[in-house]
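Trainee: Before I ask anything, here is the structure I am working with.
The values are calculated or read from the model by the stated rules, or taken from the named source; none is laboratory data. Note that the coordinates shown come from a computational prediction; the quantities given were computed from them, not determined experimentally. Glycine gets a Cβ as well: all are built from the backbone with ideal geometry, and neighbour counts include every protein chain shown.
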């Protein structure tokens with residue numbers, strides 16, 4: 001069947017099944033960490049966070065949430081950076097899969113001011129939470145446009161400083177590259193299935209701009225980054 005890049009796919013990724021646990025999900029998390037590091041994906045989020053932090057008073061303690069935190073690798077990298085520049089950040093990883101949360105917490109035991117919570121981001125429990133900065137790395141493509149509009153509308157009320165998004169640009173080269181690489185090197189059937197599908201579920205610039213407009217988001221920066229990533233910074237104080 002021919003692959004269409006004209007619109008976002010609504011097919012479901014294996015990782016969206018919250019019942020997956022143990023080695024099936026853990027192998028996937030390890031490989032996703034490697035892919036993010038190798039393709040420079042972590043750098044896109046870190047670059048955006050550094051820019052946001054540069055606009056905050058040095059001595060101010062900030063709360064940072066990472067939605068869809070996965071293994072917790074991004075938060076561990078941020079903790080190392082914050083320690084190197086003497087910034088006090090209280091970091092919270094949020095994921096709906098309790099098995100992933102337990103994995104992340106277990107691999108982050110040596111880090112202070114870093115905790116993990118198993119929460120659905122569309123729940124009332126999450127809607128009551130407040131943060132200074134919210135991040136989402138390779139996470140938002142899991143949701144429909146309407147779900148994202150609802151999420152952004154809520155997040156701009158819950159977030160005091162900025163929302164940082166790092167997600168995929170839907171493009172044929174991105175699709176066939178990751179499909180080829182995972183078929184050759186991945187040991188995870190989940191990664192082999194989900195990685196190419198993630199590209200098909202991802203965004204064009206026009207689609208992201210439409211979602212932001214319908215969410216009432218006015219002050220933001222949207223930039224293309226290698227490799228086929230969108231870096232979005234939403235400034236909440238003026239939205």
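Trainee: On the given criteria, is residue 148 assigned to a helix (DSSP H, G or I), at pLDDT 95 or above, touching a helix residue (DSSP H, G or I) at 6+ places or on another chain (Cβ under 7 Å) and buried (at least 21 other Cβ atoms within 10 Å of the Cβ)?
Mentor: yes
Trainee: With the requirement that a residue be farther than 26 Å from residue 154 by Cβ and touching a strand residue (DSSP E or B) at 6+ places or on another chain (Cβ under 9 Å), what does the range 192-224 give you?
Mentor: 199, 224
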